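As structure tokens, the structure follows; a few thoughts come after it.
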Amino acid sequence: MSKHTPEPWSTSTDPTLIFSEYEGRNLVTARARGPDEEKPHNAQRIVACVNALAGVEDPADFLRKVCANVVDAQRGTDRYEDRCPFCWADHGETHIDECVVHECEAYLKGRDS
């Protein structure tokens with residue numbers, strides 16, 4: 001992965017600007033785009049994602065591997081009477097939208113498309 005501005009990233013009084021510290025100064029790293037009412041939320045999401053994955057060399061590969069491991073672990077479990085340990089859906093049923101297995105399956109499906 002290419003070199004990028006180091007973490008942590010943050011927002012400031014202008015919630016659409018994203019900052020990082022460089023040599024003791026706050027520098028604008030990015031500006032959130034989108035409809036005006038969404039820009040502050042976009043900036044917060046960018047900052048949260050970047051900071052959450054600080055130190056991970058390739059975030060996309062990392063998420064793919066984590067999701068694959070979650071899905072594989074759920075498929076192989078028999079500790080929960082054939083139910084998903086996260087949302088309690090019967091195996092073979094559709095998981096609820098908030099279920100981490102459902103989210104991981106959707107992520108992996110989107111990556112494979």
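The values are calculated or read from the model by the stated rules, or taken from the named source; none is laboratory data. Remember, it's a predicted structure, so these values are computed and weren't measured experimentally. Neighbour counts run over all protein chains shown; Cβ positions are idealised from the backbone, glycine included.
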If only one of 61, 97, 72, 36 is modelled with pLDDT under 75 and loosely packed, with under 13 Cβ neighbours inside 10 Å, which one is it? 97
Here the residues within the stretch 1-28 that are surrounded by 14 or more Cβ atoms within 10 Å (Cβ to Cβ) and of a type in the set (Gly, Ala, Ser) are 10, 20
Checked the stretch 11-46 for anything of a type in the set (A, V, I, L, M) and touching a Pro at 6+ places or on another chain (Cβ under 8 Å); matches are 32, 43
Under 6 Å between Cβ atoms, at least 6 apart or on separate chains: pull out the pairs that start in the stretch 28-44 with a residue that is of a type in the set (A, V, I, L, M, F, W, C) and end on any residue that is assigned to a loop (DSSP other than H, G, I, E, B) and surrounded by 12 or more Cβ atoms within 10 Å (Cβ to Cβ). 32/16; 43/15; 43/16; 43/32
